[in-house]
Ligand SMILES: Cc1ncc(COP(=O)(O)O)c(C=O)c1O
């Protein structure tokens, strides 16, 4: 491997020689002399290799060219993610290497940029959700749910049951199941009302018995239905000291009430919908985790938290990672969570986005989505297509299409030919599919009309 | 060289702006407005207090903040265990491709063949490097990979009706996430002491293995940068006891292409693509913690796995894994990060990756031998052993001598415009300075760093107070972490409440 030179490697052959000479070595091999021969890999690795940056670029662009993006095909897909627009100014800030090529601010004095921005992220999240404190991100909404369930069990040490509604997104349920499995926390599903799609409140209250540590619901829920009858459930939960966890669509918060104002103790969600970043085929995202302030509870929070502190210069306060004694690098197996690397850049990106969007922009995007969804619903009704649940909703609803299993692929193709991603199939009966439709603020009236037309054509075929 | 970090008295963004200013006009629908019939209890009453600023000022604010940040492109960032290597710019450019950014995870498979192929290729590459045939990119970071790996281990034992295997053994040198993931996963953790060579003490290991042993977690080279040369014996001891082996691949930058953990008997491993494969650390994340595993653990992999259907020449998401442990991420993991890692591997190829490791190791040993000469720093554990991609020096002698410890040294280094090593980790070295230069530093850069290290320690010896008062030249002086914990001011909202009570801005104590 003589004269190996590559842009990602700093030293030349000559440098290597000099360094080895100073170490009194002949070859780098000597630094590996302690590795037994028996375990060394002696074969030849089968790995791709491209001669230059240009060729790497060509290769990857060629691969990606096989994808069809939501800029080419009208997307009615949501399910916890939203097709958003990232303003150029936001991307410009994201491209600042000072932000993206730093790591966790372990040396706060030289990392005030990251810390200050993350503090602003935490603060904006608190304003949105009407909460007091937020961490500076979980991996995503699903893992935030897992962490929230575990946290309720740390707060309520005596119990071992966590309630969640059946109208929780299936992928989040899966992660929840996984996250609680080690803690021996039993999760119990609260059914939803078959007519309204809302949480069955009688059943919820009945289930809030002995040993329940927390209760989780989504608002709007996975079906897009607004959970507007939960007052009593929350009241009972409070009486029984059951921690209330709300999962919210962050993009709804310009027009929908903040969970902190209707009784949630902990609020979670994904900042992707509020502009943390584009869809990115589902990652990276930015799990939101916020709560009401309570000295004891806050110490049970997972993840990194930025706080304010003093510096030697009177009057000059600054930012630092705080409550680090909850974290794995200090507490090891007693830590509140195993999370280390999180989604900090996505959190910072959220701050950029919200700073640009402002309260007016947030309201307008919310309204656009609301108008789009309600217009679409009415137009579908005009051709005789109903929604499954007749409840108030924000930007998502379940359309009663009842596509038989064996027709599903054909339907997808049919819609694709009309440049439409039709929505997320969801089966209520195990036999047929209804479609969960989300309207982003990028869709225009023509897109919605085309959707209705396509459905009409499908039904006439 | 004189250094001065940019310093602005930058307010919180909430203090900027005025009602009516706009930073961005979002797209609006042309569907006519209508009455919003959200029930009153769920209708927003008061808009969130977000800033109202024009675009130029938003950019200026965050630009100022960015300038108060040290990063890999500022200078050497030898933060041990974190592999702060250069983030190739082409990877950032590629990640802006619209056909990556704007694809939804639930799109029809025929519209995402490109990204599925890329994921599939990367799975294969990582498997090749790990020597383990199966791979998933679902874990969003290393710790999530550990958690998933432990899930697989548990599922395996349970599937065999072996419910009593509840112990996971790990050396006390292991990363904090190892014990944290273990306990979170419901296992019992057993930490064993390292021997005088900084390696796993085989006798201690034999003493704790039993019919309760579920598995063993190790990173190799370990967090001291020392290669666990008895890995085959360890592997045998664990396997004989019926346990499985987990390889924390966070330190893979030392051994790429030279060792394949699967061939040493490991059943499961995670990679940190944000370390070994150059994806940016983002001020704390996102990362990507891909997991590879052996045949016997493959029935439990999380859903979905990307596979290739030869007959139909098509990539697909396989959800049909009957014994799956479920999901560890809402979707398929941090795909836009994985793409960057893939681009990096494509650019280097096998030879390049191997050379990368070798240079990372050379750099670490070079720095170590030079710093070891400083009076007051010692190389704990067998100093004869070469280190791998990182080394850990102990400043305990200096601390005893003049009261200046690892944290003080860190603060002096950042005063000079260089990033500090990881300090006070691993916990088994009291005044640890954990240094990982990576292959991104050339000889001159390392020599400068060594020189600055020497100069600063010399200054501290002359005047220990100089060390305690550091850092200088950074945006702010040494922050008071204890005050932050006592006072817990965690959001703008909390500041506003303090303000109402007349308790903001904070008062400096008399003796501060
Ligand atoms: C040795 C080791 N193991 C595990 C981890 C955890 O990885 P992550 O931070 O990606 O969760 C790290 C890094 O932080 C590490 O250095």
Report task. Kindly indicate the residue of segment B:263-296 that is outside any loop (DSSP other than H, G, I, E, B) and over 16 Å from residue B:137 (Cβ atoms) and also nearest to the ligand (Cβ to nearest atom) among those meeting that condition. Result -> B:264
Query raised in the report: What do you reckon, is residue B:161 in the same structural domain as residue B:217 (by TED's automatic domain parsing) and either within 16 Å of the ligand (Cβ to nearest atom) or surrounded by 24 or more Cβ atoms within 10 Å (Cβ to Cβ) (or both)?
Result: no
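Among B:358, B:314, which is the only one that is at the interface with another protein chain (Cβ under 8 Å from one of its Cβ atoms) and modelled with pLDDT of 95 or more?
Of B:358, B:314, the one residue that is at the interface with another protein chain (Cβ under 8 Å from one of its Cβ atoms) and modelled with pLDDT of 95 or more is B:358.
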Query raised in the report: So, of the residues in segment A:314-337 that are within 30 Å of residue A:89 (Cα to Cα) and touching a residue at least 60 places away in the same chain (Cβ under 8 Å), which turns out to be nearest to the ligand (Cβ to nearest atom)?
Result: A:321
Query raised in the report: Condition test on residue A:354, is it surrounded by 19 or more Cβ atoms within 10 Å (Cβ to Cβ), within 23 Å of residue B:37 (Cα to Cα) and either at pLDDT 95 or above or not assigned by TED's automatic domain parsing to the domain that holds residue A:220 (or both)?
Result: no
Query raised in the report: Out of (1) within 14 Å of the ligand (Cβ to nearest atom); (2) closer than 30 Å to residue B:106 by Cα; (3) more than 13 Å from chain A (Cβ to nearest Cβ), the odd one out for residue B:219 is which?
Result: (2)
Query - Close pairs from segment A:72-97: first within 30 Å of residue B:74 (Cα to Cα), partner at pLDDT 95 or above and assigned to a loop (DSSP other than H, G, I, E, B), Cβ under 7 Å, at least 6 apart - result: A:86/A:275; A:86/A:277; A:86/A:278; A:87/B:24; A:97/B:71; A:97/B:73
Report task. List every residue pair whose Cβ atoms lie under 7 Å apart, where the two residues are 6 or more positions apart in sequence or sit on different chains, the first residue falls within segment B:255-276 and is facing chain A (nearest Cβ under 9 Å) and closer than 16 Å to residue A:47 by Cβ, and the second residue, located anywhere, is in a loop (DSSP other than H, G, I, E, B) and more than 15 Å from the ligand (Cβ to nearest atom). Result -> B:257/A:41; B:257/A:45; B:258/A:41; B:259/A:35; B:259/A:41; B:260/A:41; B:260/B:131
Requested in this report: Among the residues of segment B:13-26, write down those that are surrounded by fewer than 16 Cβ atoms within 10 Å (Cβ to Cβ) and under 37 Å from the mean Cα position of the chain (by Cα).
Outcome: B:15, B:25
Query raised in the report: If only one of A:72, A:109, A:58 is assigned to a loop (DSSP other than H, G, I, E, B) and more than 16 Å from residue B:490 (Cβ to Cβ), which one is it?
Result: A:72
Query - Test set (1) within 7 Å of chain B (Cβ to nearest Cβ); (2) more than 26 Å from residue B:27 (Cα to Cα) - residue A:138 fails condition number - result: (1)
Query raised in the report: Out of all the residues in segment A:185-211, which are in contact with a helix residue (DSSP H, G or I) (Cβ under 9 Å, 6 or more places away or on another chain) and within 14 Å of another protein chain (Cβ to nearest Cβ)?
Result: A:185, A:186, A:187, A:199, A:201
Requested in this report: Looking only at segment A:256-269, decide whether some residue is modelled with pLDDT under 95 and facing chain B (nearest Cβ under 7 Å).
Outcome: no
Report task. Pick out the one residue from B:166, B:192, B:153, B:125 that is facing another protein chain (nearest Cβ under 9 Å) and more than 16 Å from the ligand (Cβ to nearest atom). Result -> B:125
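Conditions tested, residue by residue: (1) out of contact with any helix residue (DSSP H, G or I) (no Cβ under 6 Å at 6 or more places or on another chain); (2) under 19 Å from residue B:351 (Cβ atoms); (3) more than 7 Å from chain B (Cβ to nearest Cβ); (4) surrounded by fewer than 17 Cβ atoms within 10 Å (Cβ to Cβ).
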position: A:9; (1), (2), (3), (4): no, yes, no, no
position: A:16; (1), (2), (3), (4): yes, yes, no, no
position: A:31; (1), (2), (3), (4): no, yes, no, no
position: A:34; (1), (2), (3), (4): yes, no, no, no
position: A:37; (1), (2), (3), (4): yes, no, yes, yes
position: A:40; (1), (2), (3), (4): yes, yes, no, yes
position: A:43; (1), (2), (3), (4): yes, yes, yes, yes
position: A:46; (1), (2), (3), (4): no, yes, no, yes
position: A:51; (1), (2), (3), (4): yes, yes, yes, yes
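Each row is one residue, and each column tells you yes or no for (1) within 14 Å of chain B (Cβ to nearest Cβ); (2) farther than 29 Å from residue A:248 by Cβ.
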| position | (1), (2) |
| --- | --- |
| A:395 | yes, no |
| A:398 | no, no |
| A:410 | yes, yes |
| A:414 | yes, yes |
| A:420 | yes, no |
| A:432 | no, yes |
| A:445 | yes, no |
| A:456 | no, yes |
| A:460 | no, yes |
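Do we have residue A:310 as over 18 Å from residue A:104 (Cβ atoms), buried (at least 24 other Cβ atoms within 10 Å of the Cβ), more than 16 Å from the ligand (Cβ to nearest atom) and more than 7 Å from every other protein chain (Cβ to nearest Cβ) here? It would help to see each step written out before you state the result.
Values: over 18 Å from residue A:104 (Cβ atoms): yes; buried (at least 24 other Cβ atoms within 10 Å of the Cβ): yes; more than 16 Å from the ligand (Cβ to nearest atom): yes; more than 7 Å from every other protein chain (Cβ to nearest Cβ): no.
Here the answer is no, as residue A:310 does not meet what is asked.
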Query raised in the report: Just one of B:62, B:77 is more than 7 Å from every other protein chain (Cβ to nearest Cβ) and either in contact with a helix residue (DSSP H, G or I) (Cβ under 6 Å, 6 or more places away or on another chain) or in a loop (DSSP other than H, G, I, E, B) (or both); which is it?
Result: B:77
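The rows are residues; the columns are (1) more than 16 Å from the ligand (Cβ to nearest atom); (2) modelled with pLDDT of 95 or more; (3) surrounded by 24 or more Cβ atoms within 10 Å (Cβ to Cβ).
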{"position": "A:339", "(1), (2), (3)": "no, no, yes"}
{"position": "A:347", "(1), (2), (3)": "no, yes, yes"}
{"position": "A:360", "(1), (2), (3)": "yes, yes, no"}
{"position": "A:364", "(1), (2), (3)": "yes, yes, no"}
{"position": "A:370", "(1), (2), (3)": "yes, yes, yes"}
{"position": "A:376", "(1), (2), (3)": "yes, yes, yes"}
{"position": "A:380", "(1), (2), (3)": "yes, yes, no"}
Report task. State whether the residues of segment B:108-127 include one that is assigned to a loop (DSSP other than H, G, I, E, B) and surrounded by fewer than 22 Cβ atoms within 10 Å (Cβ to Cβ). Result -> yes
Requested in this report: Working carefully through the options B:233, B:146, B:203, find the one that is part of a helix (DSSP H, G or I), more than 16 Å from the ligand (Cβ to nearest atom) and within 12 Å of chain A (Cβ to nearest Cβ).
Outcome: B:233
Query raised in the report: Considering only segment A:282-295, how many residues are within 10 Å of chain B (Cβ to nearest Cβ) and under 19 Å from residue B:282 (Cα atoms)?
Result: 6
Query raised in the report: Looking only at segment B:131-143, which residues are more than 12 Å from the ligand (Cβ to nearest atom) and within 11 Å of chain A (Cβ to nearest Cβ)?
Result: B:131, B:137, B:138
Query raised in the report: within 14 Å of chain B (Cβ to nearest Cβ), in contact with a helix residue (DSSP H, G or I) (Cβ under 9 Å, 6 or more places away or on another chain), in contact (Cβ under 8 Å) with a residue 40 or more places away in the chain and buried (at least 24 other Cβ atoms within 10 Å of the Cβ) - does that describe any residue in segment A:230-240?
Result: no
Requested in this report: Can you tell me which residue within segment B:248-262, out of those that are in a helix (DSSP H, G or I) and within 11 Å of the ligand (Cβ to nearest atom), is surrounded by the fewest Cβ atoms within 10 Å (Cβ to Cβ)?
Outcome: B:253
Report summary line: Across (1) touching a strand residue (DSSP E or B) at 6+ places or on another chain (Cβ under 9 Å); (2) over 20 Å from residue B:13 (Cβ atoms), residue B:489 clears everything bar (2)
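The values are calculated or read from the model by the stated rules, or taken from the named source; none is laboratory data. Only a predicted model underlies this, so the values are computations on that prediction, with no experimental measurement involved. With ideal geometry, Cβ positions are generated from the backbone for all residues, glycine too; neighbour counts draw on all protein chains shown.
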